[in-house]
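For reference, the structure discussed in these notes is given below.
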Amino acid sequence: MTADTLAAPRAPHSTPRKKGANLEKWGWIYMRVSGVLLVVLIFGHLFVNLMLGEGIHGIDFAFVAGKFASPFWQWWDVLMLWLAFIHGANGMRTIVNDYVTGPKARRALVWAVWLSSGLMIVLGTLVVFTFDPCLGIENSATEWLIEKCAA
């Protein structure tokens, strides 16, 4: 055997790959793509909220109501919410698969991660799309909000 050849594998026969979708591969790709998208979405969110206008001092209920009145910002926040929760749940699934040895405990924990993430995604999406800025408004420093709620 020369120095530039590889040694034979220890097992004489490798196990064939299972048929069907390679979910681990797609989970790995999702983590990379969603990570890049999340960086863009989060830094865009931070720039608009903290750098434009009055900065952090301008963030109040009227600011949030103004953002949630725009379908663009609703979809921006929902996309950020969905990507972040699925990204985090997939990361937790990977950690559980790596460190939990019992198959029943692993299955229960993975189910718990996905169920809790799904519940938070549904609740967060409902909050964004059903947000009512007029609920409980009596007085506000922003005239457009008072006029909108009076109508």
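The values are calculated or read from the model by the stated rules, or taken from the named source; none is laboratory data. Because the structure is predicted, anything quoted here is derived from the model rather than measured. Here Cβ is always computed from backbone atoms with ideal geometry, including for glycine, and neighbour counts include all displayed protein chains. Each accessible area value is taken on the protein alone, full model and side chains, heavy atoms only, with ligands, DNA and RNA left out. Shrake-Rupley method; radii C 1.70, N 1.55, O 1.52, S 1.80 Å.
What is the residue count in region 93-118 for residues that are over 27 Å from residue 49 (Cβ atoms) and surrounded by 14 or more Cβ atoms within 10 Å (Cβ to Cβ)?
Residues in region 93-118 being over 27 Å from residue 49 (Cβ atoms) and surrounded by 14 or more Cβ atoms within 10 Å (Cβ to Cβ): 9 in total.
Among the listed residues 41, 46, identify the single one that is surrounded by 12 or more Cβ atoms within 10 Å (Cβ to Cβ) and assigned to a helix (DSSP H, G or I).
41
Look at region 53-75 and say how many of its residues are open to solvent by 50 Å² or more (accessible area, probe 1.4 Å) and part of a helix (DSSP H, G or I).
8
Which pairs do you get when a residue that is in contact (Cβ under 8 Å) with a residue 24 or more places away in the chain, found in region 68-97, comes within reach of a residue that is open to solvent by less than 30 Å² (accessible area, probe 1.4 Å) and among the small types (Gly, Ala, Ser), reach meaning Cβ atoms under 6 angstrom, with the pair 6+ apart or on two chains?
Listed pairs, sorted by first residue: 81/124; 83/34; 85/117; 87/34; 89/117; 90/27.
Taking residue 130 as the residue in question, decide whether it is farther than 24 Å from residue 39 by Cβ, modelled with pLDDT under 95 and buried (at least 16 other Cβ atoms within 10 Å of the Cβ). Step through it out loud before you land on a result.
Working: farther than 24 Å from residue 39 by Cβ: yes; modelled with pLDDT under 95: yes; buried (at least 16 other Cβ atoms within 10 Å of the Cβ): no.
Here the answer is no, as residue 130 does not meet what is asked.
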